[in-house]
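Trainee: I'd like to ask some things about the structure below.
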Amino acid sequence: MEKRTVLWYMTFWGFAINYMFRMNINIAIVSMIKHSISKTNVTIIHECLRDSESLKSNNTTTQISLADLNDNKFEWNEYQQNSILGAFYTLHILMQLPGGVLAQRFGTKTVFGISNGVAAILSFAVPASAKFNYKALVVVRVIQGLISGGAWPSMHTMTANWIPPHERSRFVSAYLGSSVGTAVTYILCGYLIAMFGWESVFYVSGGLGLLWYICWTLLVYDTPAKHPTISIRERIYIENCLGNTIQTRSKPLPIPWKSLIFSKALLINLVTQGGGIWGLFTLTAQAPSYFNFVLGLNIKQTGLWSGIPHFTRWAFSFAFSSMCDRLVKSKRMSMTNVRKMATCFCNILQGLFIWGICYSGCNSMAAIFMLLSATAVNGAISSGALAAVVDIAPNYAGVIQGIIGTVIASLGFISPMVVGYLTLNQQTLSQWCKLFHLSGVICIGTGLIYLFFGTSDIQIWNTYDDSVSNEKELKLIVKKPNSSCVSDT
């Protein structure tokens, strides 16, 4: 098996594990707390069912009953619960830029490995810390989130060192192992809790994380040149395809901060990724509430449609990215045009489907179709702006994604605030439509920006030569990947 294929599997599994650590508490906490309910039955009337005769049926009410809660261990109030749920993201944003910088200096093998490995060890500490004090649990989750934050930006450095340009779309689809990790976590943890109790969620997550770390350490290397068992054919193929876009020195390359900050290509990429992720945040975090509070789907249906879209997102990403790589390799489309086509799906088409959720009204099946479609096409990001980061500056791809990731992570805080403002005490179709209209405009607008101004051309500042004194000389030595590289198979 080719070593970059092994790298794809390890990367896919790594991102799945990374998201398992951040998501497992969301479902485990349901069984960790004691519920304090003053009434045995609470009837919630959903807008789309309000005028229906079916309100007389038990199917239109949400029944909350006092049951035997022996498995619930802690009397945490809403503030404490939300402190625990949000703890992971408190310092997560701080490691986005350092993650990229550290990967450039010490290698992705070390940074990505430590991010998941330490998070796995901390997972074992969750049950004990929870039983000691909720504040101790918060501290564990904060550290876990901080350490995990370096994973995403660090991987771009590995991608730049290993993956030929015409294979990047498909390889970056491995990043969306995060979607599969999210879906599997909700399903797997539900069974673990039912069979072994909530503690098992964190022990199994930690065990899987450590198993991944061992495999990662044994099988993955930062560059083809460092890999002890790579075939000569594959190494030469990779190095020929990458050409001179990747520079190696005895010391790490100095980072051109001024060029990065004022780079038009970077700014456009940031805006585009931000727009697509805003739409995804709306879909994955808020649509379930919409289905439950407005459309009146029961909790089992809501949970099911919270997990399935993540599978469709990755499946679409893999299929679409394979097509994009073939278009680039056959030279039917330029790299820039492929990235723009992918952005049309990831941003523009996603925005249209988000609008479709609103116009579905009370038709739950139509709304579910729109949700699945919008989430699926977002998977094209692996062939669009996310992959373009490596295109424009492979030497500094990790640093660039760190900058972009810092801004994008902040959207995770802003998006819920906007939702809360629009829907506070107003869980109505009209108010939710305002949210969907806003998200659609953001997705489509940012997609159009990339369509008109985006590029995958290697930037001048990607090439470092301390003997060059001015930009005109630098332009002369910037070289693109070898377009004549042939398959190693």
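The values are calculated or read from the model by the stated rules, or taken from the named source; none is laboratory data. Owing to the predicted nature of the structure, the values given are computational and were not obtained by experimental measurement. Cβ: placed from backbone, ideal geometry, glycine included. Neighbour counts: every protein chain shown. Heavy atoms of the whole protein, side chains included, go into the accessibility calculation; ligands, DNA and RNA do not. Shrake-Rupley method; radii C 1.70, N 1.55, O 1.52, S 1.80 Å.
Trainee: So what is the accessible area of segment 135-204 per residue, in Å², with the probe set to 1.4 Å?
Mentor: 28 Å²
Trainee: Lys and Arg at +1, Asp and Glu at -1: add these up for the other residues within a Cβ distance under 10 Å of Ile84 and post the number.
Mentor: My count for the surroundings of Ile84 gives +2.
Trainee: Another one. Counting only residues 5 or more places away or on other chains, whose amide H sits under 5 Å from the amide H of Ser456 once H atoms are built in the peptide plane?
Mentor: Under 5 Å from the amide H of Ser456: Thr336.
Trainee: Hey, what do the phi angles of segment 7-17 turn into as Karplus ³J(HN,Hα) couplings, whole Hz, using 6.51/-1.76/1.60 and θ = phi - 60°, x for Gly and Pro?
Mentor: Each residue of segment 7-17 in turn: 4, 4, 5, 5, 5, 4, 5, x, 6, 5, 5 Hz.
Trainee: Now for a separate question. Pairs of Cα atoms under 8 Å, at least six residues apart: use those to get the relative contact order of segment 328-380, whole percent.
Mentor: After rounding, I find 39 percent.
Trainee: Of the cross-linked pairs Lys264/Lys329; Lys34/Lys434; Lys73/Lys109; Lys109/Lys329; Lys109/Lys131; Lys264/Lys331, which ones have a Cα-Cα span greater than 31 Å in the structure shown?
Mentor: Lys34/Lys434; Lys73/Lys109; Lys109/Lys131
Trainee: Let me ask something else. Read phi for every residue in segment 194-210 and hand back ³J(HN,Hα) as whole Hz from Karplus 6.51 cos²θ - 1.76 cosθ + 1.60, θ = phi - 60°, with x for Gly and Pro.
Mentor: Calculated HN-Hα couplings, in order: 5, 8, 10, x, 5, 4, 4, 4, 7, 6, 5, 4, x, x, 5, x, 5 Hz.
Trainee: Can you give me the long-range amide H partners of Phe74? Hydrogens built in the peptide plane at 1.01 Å from N, cutoff under 5 Å, separation of 5 or more residues or another chain.
Mentor: Ile33, Lys34
Trainee: Sort 331-337, 204-210 by packing, meaning the average of other beta carbons within 10 Å per residue, with the highest value first.
Mentor: Put in order of decreasing packing, that is 204-210, 331-337.
Trainee: For segment 89-237, with all protein chains present and a 1.4 Å probe, just round the carbon and sulfur fraction of the accessible area to a whole percent.
Mentor: That fraction is 73 percent.
Trainee: Something else now. Using a cut-off of 12 Å between beta-carbons, work out the net charge of the residues near Ala103 (Lys and Arg +1, Asp and Glu -1, Ala103 not included).
Mentor: Net of charged neighbours comes to +1.
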